[in-house]
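*Asks:* Here it is, the structure in full.
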Amino acid sequence: MAVDMRLPTVKSPPVSVLDRKDLVVPGDVITSDTGFMRGHGTYVDEDKLTASVAGKVQRVDKLICVRPLKTRFNGEVGDVVVGRITEVQQKRWKVETNSRLDSVLLLSSVNLPGGELRRRSAEDELTMREYLHEGDLISAEVQSVFSDGALSLHTRSLKYGKLGQGVLVQLSPSLIKRQKTHFHNLPCGASIILGNNGFVWLYPTPGQQEEEAGGFYTSLEPVSLSDREVISRLRNCLLALAAHKMLLYDTSVLYCYESSLQHQVKDVLKPEVMEEIVMLTQQKLLEQES
């Protein structure tokens, strides 16, 4: 049996974060100027604005807040999320979306099979488990936020609904870059849903969309070996980018995938290979910006 062994190497010292004025830890004084307003993640101590969480300082005009580097998902209206059904209740489903409370998907907020537009009846309520049951993965959009912070979801568009065959990668919500669209068909042959809640769904690019099912149709055809390899490589690339705290969006994921092609899929998660791939990805992103 082949055993993979690595000898100890001298690592280059990491870039010091002491020079970064925008990164703070609890107790750090952000400013002693009294003209600023206190935002999330801050408190006033002896007329000084102090950080209460570890994260990045964000300033909007006179408002200062600290965005935590590791936190639960705080949803906003319009956010795209990937979640898992945890419970079927009366006229609603409970969904785990990596937030502090379970999200709610109302029966009136989903498309009926066939795209029918009518009031939901008692018969629809009895057949709720035929649409979605415990353990199903769905993509949805945040419709509203309740007073206690729980999210209300909807899947009224055909791009949302039940997810079929693929791989779920759970990451920190702070690493997902907000964009106009979070559904991407990558040129490598796979598609990706970057949920704002940190749940990323990788799946083979569908050949033909089944619109008559109203978002409940899932293909159960066998996935080819080449597609499985592409999805596995993308999954490892996501973990490599997340380990180095890089923002995740379609361009960064694609550049990381291209940089990893010279290595085998199983080798992508080796520390030295991860560092090399992420460095190449950063160079490509800098070249694109310049």
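The values are calculated or read from the model by the stated rules, or taken from the named source; none is laboratory data. Because the structure is a prediction, the values reported are computed rather than measured. No Cβ is skipped: glycine too gets one built from the backbone with ideal geometry, and neighbour counts run over all protein chains shown. Areas reflect the complete protein model, heavy atoms only, side chains present, ligands, DNA and RNA absent. Shrake-Rupley method; radii C 1.70, N 1.55, O 1.52, S 1.80 Å.
*Asks:* Stokes-Einstein at 10 °C, 1.306 mPa s, Kirkwood radius from Cα pairs: D for the range 23-68 in µm² s⁻¹?
*Replies:* 159
*Asks:* Right, here's the next one. Would you kindly derive the ³J(HN,Hα) couplings of the range 161-176 from the backbone phi angles with the Karplus curve 6.51 cos²θ - 1.76 cosθ + 1.60 (θ = phi - 60°), listing them in order in whole Hz, with x for Gly and Pro?
*Replies:* Computed from phi, the couplings for the range 161-176 are x, 6, 9, x, 8, x, 10, 9, 10, 9, 10, 7, x, 6, 8, 8 Hz.
*Asks:* Once you list every other residue whose beta carbon is under 12 Å from the beta carbon of GLN165, what net charge do they have if Lys and Arg are +1 and Asp and Glu are -1?
*Replies:* Overall, the nearby charge balance is 0.
*Asks:* Once the convex hull of the C-alpha atoms of the range 69-226 is built, how many Å³ does it hold per residue, rounded to a whole number?
*Replies:* Per-residue hull volume (Cα only) is 124 Å³.
*Asks:* Which residues' amide hydrogens lie under 5 Å from the amide hydrogen of LEU163, considering only partners 5 or more residues apart or on another chain, with H built in the peptide plane?
*Replies:* LEU137, ILE138, SER139
*Asks:* Let me know the Kirkwood hydrodynamic radius for the range 38-121, please, with Cα pairs as the basis and the value in Å to one decimal.
*Replies:* 16.3
*Asks:* Also: Quick one: of LYS177/LYS284; LYS21/LYS56; LYS91/LYS159; LYS245/LYS284; LYS21/LYS284; LYS21/LYS48, which pairs are farther than 20 Å apart, Cα to Cα?
*Replies:* Beyond 20 Å between Cα atoms: LYS91/LYS159; LYS21/LYS284.
*Asks:* Here's a follow-up. Rounded to the nearest percent, how much of the accessible area of the chain (1.4 Å probe, protein heavy atoms only) is carbon and sulfur?
*Replies:* With neighbouring chains kept in place, the figure for the chain is 51 percent.
*Asks:* I want to make sure I understand the PRE zone here: with the label point 7 angstrom from the Cα of LEU168 toward its beta carbon, which residues in the range 71-110 have backbone N atoms less than 16 Å away?
*Replies:* From the range 71-110, the list is 73, 81-88, 93-105.
*Asks:* Turning to a different aspect of this structure: Can you give the accessible area per residue of the range 23-68, in Å², using a 1.4 Å probe?
*Replies:* Value returned for the range 23-68: 65 Å² of accessible area per residue.
*Asks:* For the chain, give me every cysteine whose Cβ has no other Cys Cβ within less than 4.7 Å, ordered by residue number.
*Replies:* By the Cβ distance rule, which asks for a partner under 4.7 Å, the isolated cysteines are CYS65, CYS188.
*Asks:* While we're looking at this one, here's another question. Where does the range 131-290 land on the Kirkwood hydrodynamic radius, alpha-carbon pairs, in angstrom?
*Replies:* Answer for the range 131-290: a Kirkwood hydrodynamic radius of 16.9 Å.
*Asks:* Same structure, new question: If you average the sequence gap of Cα pairs under 8 Å that are 6 or more apart and divide by the length of the chain, what percent do you get for the contact order?
*Replies:* Relative contact order of the chain: 13 percent.
*Asks:* Continuing with the same structure: Any idea what % of Cα-Cα pairs in the range 73-136 are farther than 16 Å?
*Replies:* Cα-Cα pairs in the range 73-136 separated by more than 16 Å: 47 percent.
*Asks:* If amide hydrogens are placed 1.01 Å from N in the peptide plane, which non-local residues have theirs closer than 5 Å to the one on SER144?
*Replies:* Hits under the 5 Å cutoff: SER152.
*Asks:* Suppose every Lys and Arg Cβ carries +1 and every Asp and Glu Cβ carries -1, with no other charges. What dipole size does the range 23-68 come out with about its Cα centre, to the nearest 20 debye?
*Replies:* Charge dipole, the range 23-68, about its Cα centre: 260 debye, nearest 20.
*Asks:* How much net charge surrounds ILE192 when only the other residues with a Cβ under 14 Å from the Cβ of ILE192 are counted, with Lys and Arg +1 and Asp and Glu -1?
*Replies:* Result for the neighbourhood of ILE192: +2.
*Asks:* To continue, here is another question. Would you kindly find the accessible area of SER172, with a 1.4 Å probe and non-protein molecules such as ligands, DNA and RNA excluded, rounding to the nearest 10 Å²?
*Replies:* 30
*Asks:* For ARG67, tell me the accessible area in Å² from a 1.4 Å probe, rounded to the nearest 10.
*Replies:* 100
*Asks:* I want to make sure I understand the PRE zone here: with the label point 7 angstrom from the Cα of LEU69 toward its beta carbon, which residues in the range 219-255 have backbone N atoms less than 16 Å away?
*Replies:* Only 241-248 pass the distance filter.
*Asks:* At LYS159 and ARG59, where each label point lies 7 Å from the Cα along Cα→Cβ, what is the point-to-point distance in nanometres?
*Replies:* Going from the LYS159 label point to the ARG59 one covers 3.6 nm.
*Asks:* Per DSSP helix of 4 or more residues, -39500 (n - 2.57); summed, then divided by the residues of the chain. What does that give at 222 nm, rounded to the nearest 500?
*Replies:* -6000 deg cm²/dmol
*Asks:* Right, here's the next one. Once both labels are modelled 7 Å past Cα along the beta-carbon direction, what's the LEU23-GLU130 spacing in nm?
*Replies:* Label at LEU23, label at GLU130, 5.5 nm between them.
*Asks:* Could you pull out every residue, at least 5 positions away or on a different chain, whose amide H is within less than 5 Å of the one on GLY41? Hs are placed 1.01 Å off N in the peptide plane, and Pro or chain starts have none.
*Replies:* VAL66
*Asks:* Also: Please work out the FRET efficiency for the pair ARG228 and LEU7, using the Cβ-Cβ distance as r and a Förster radius of 51 Å; give the result to the nearest 0.05.
*Replies:* Once rounded, the FRET efficiency stands at 0.95.
*Asks:* What is the Cα convex hull volume of the chain when expressed per residue in Å³?
*Replies:* Per residue, the Cα convex hull of the chain comes to 191 Å³.
*Asks:* What does the charge count near VAL145 come to, summing +1 for each Lys or Arg and -1 for each Asp or Glu among other residues with Cβ under 15 Å from its Cβ?
*Replies:* Here the count lands on -3.
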